[in-house]
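Trainee: Starting off with a structure, shown below.
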Ligand code: UP5
Ligand code: MG
C-alpha cells in the first residue's frame, strides 16, 4: 500500500489515475469516498457536508470505515490511499484499526507552492462541481493542510518512508518521476 499526500490541487488524483492505468493499482480517494457517502444521504451526510465545505477533517472513524469497506471490495491488494491520513489523529486512527496488517511501502508527497495550487483549483472550479472549490474554502483547506497534514508528512519522513516529488511541473513531467517509484513494486 502507498499513501498519497499533497496540498489541495497538488495532483494526487491525476497521478493516481495514471498509476491505475499503467500498473493496475486500486485507487481509493478518501475525499471521493466521503463525497459519495454524503450523496447517499446517510446519517453522516450532513456532518460530512459541513466538514468538507469548511475544509475540516471528518472524524477518523467515518473515513477509516469507508476506506476498509472499499478495500474489502477490491480484487487487487495494491492500494493507493489518496488524501489520507491528513492529520496525526487520522494516522493513529488508521494504525489502531489496521495496524501492521497492511504493509506500507511509502508515503508519496506531491509538493507544490500555494499560488500554483490556488490557480489550479480556481480553474477546476469552472467544471468540478465541488462545493469546496471556492476561494473561501480553498484558503481554509490550505490552512488545515499546513497545520494538520504537514506533521503527518514529517512523521513519514522521520520514519524514512517519505518519497517527495515536486508537482509544480507539468502533469507529464510529474508522471515521469512518479512511475519510476512504481515500476518495481
Ligand atoms: N493538475 C493536476 N496536476 C497538474 C500539474 N502538474 N500541472 C497543472 N495542472 C495540474 O488536480 C487538481 C487540478 O489541477 C485538476 O484540474 C488537474 O487537472 C490539475 P487533482 O489531481 O484533482 O489534485 P488533488 O491533489 O487530487 O486535489 P484535491 O482537490 O482532490 O485535493 P484535496 O486534498 O483538497 O481534496 P480531497 O478530495 O482529498 O479532500 C476534500 C475534503 O474532504 C477535505 O478538505 C476534507 O474536508 C475531507 N477529507 C477528510 O475529512 N478526510 C480525509 O481523509 C479526506 C478528505
Ligand atoms: Mg483529489
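Derivation of every value follows stated rules applied to the coordinates shown; laboratory data play no part. What you see is a predicted model; the values in this text were computed from it and never measured. Here Cβ is always computed from backbone atoms with ideal geometry, including for glycine, and neighbour counts include all displayed protein chains.
Trainee: Which of the following residues is within 9 Å of ligand 1 (Cβ to nearest atom) and either crowded, with 17+ Cβ neighbours inside 10 Å or under 16 Å from the mean Cα position of the chain (by Cα) (or both): 117, 162? Let's see the steps before the verdict.
Mentor: Details: 162 fails: within 9 Å of ligand 1 (Cβ to nearest atom).
Sole residue among the options that is within 9 Å of ligand 1 (Cβ to nearest atom) and either crowded, with 17+ Cβ neighbours inside 10 Å or under 16 Å from the mean Cα position of the chain (by Cα) (or both): 117.
Trainee: Could you say whether any residue in segment 46-54 is at positive phi and within 15 Å of the chain's Cα centre (by Cα)?
Mentor: Let us first name the residues in segment 46-54 that are at positive phi, namely none.
No, the conditions are met nowhere in segment 46-54.
Trainee: I would also like to ask the following. Only one of (1) under 16 Å from the mean Cα position of the chain (by Cα); (2) without any contact (Cβ under 8 Å) to a residue 60 or more places away in the chain; (3) surrounded by fewer than 16 Cβ atoms within 10 Å (Cβ to Cβ) fails for residue 20. Which number is that?
Mentor: The single condition residue 20 does not satisfy is (2).
Trainee: Could you check, for segment 64-83, whether at least one of its residues is surrounded by fewer than 19 Cβ atoms within 10 Å (Cβ to Cβ) and within 14 Å of ligand 2 (Cβ to nearest atom)?
Mentor: no
Condition check ((1) in a helix (DSSP H, G or I); (2) farther than 19 Å from residue 136 by Cα; (3) more than 6 Å from ligand 1 (Cβ to nearest atom)) across all residues:
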position: 4; (1), (2), (3): no, yes, yes
position: 9; (1), (2), (3): no, no, no
position: 15; (1), (2), (3): yes, yes, yes
position: 28; (1), (2), (3): no, yes, yes
position: 34; (1), (2), (3): yes, yes, no
position: 38; (1), (2), (3): yes, yes, yes
position: 46; (1), (2), (3): yes, yes, yes
position: 49; (1), (2), (3): yes, no, yes
position: 53; (1), (2), (3): yes, no, yes
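Trainee: Go through (1) touching a residue at least 12 places away in the same chain (Cβ under 8 Å); (2) surrounded by fewer than 20 Cβ atoms within 10 Å (Cβ to Cβ); (3) closer than 15 Å to residue 90 by Cα one by one and return the number of the condition residue 124 breaks.
Mentor: The single condition residue 124 does not satisfy is (3).
Trainee: Would you tally the residues in segment 61-100 being touching a residue at least 60 places away in the same chain (Cβ under 8 Å), touching a strand residue (DSSP E or B) at 6+ places or on another chain (Cβ under 7 Å) and not in a loop (DSSP other than H, G, I, E, B)?
Mentor: The total comes to 4.
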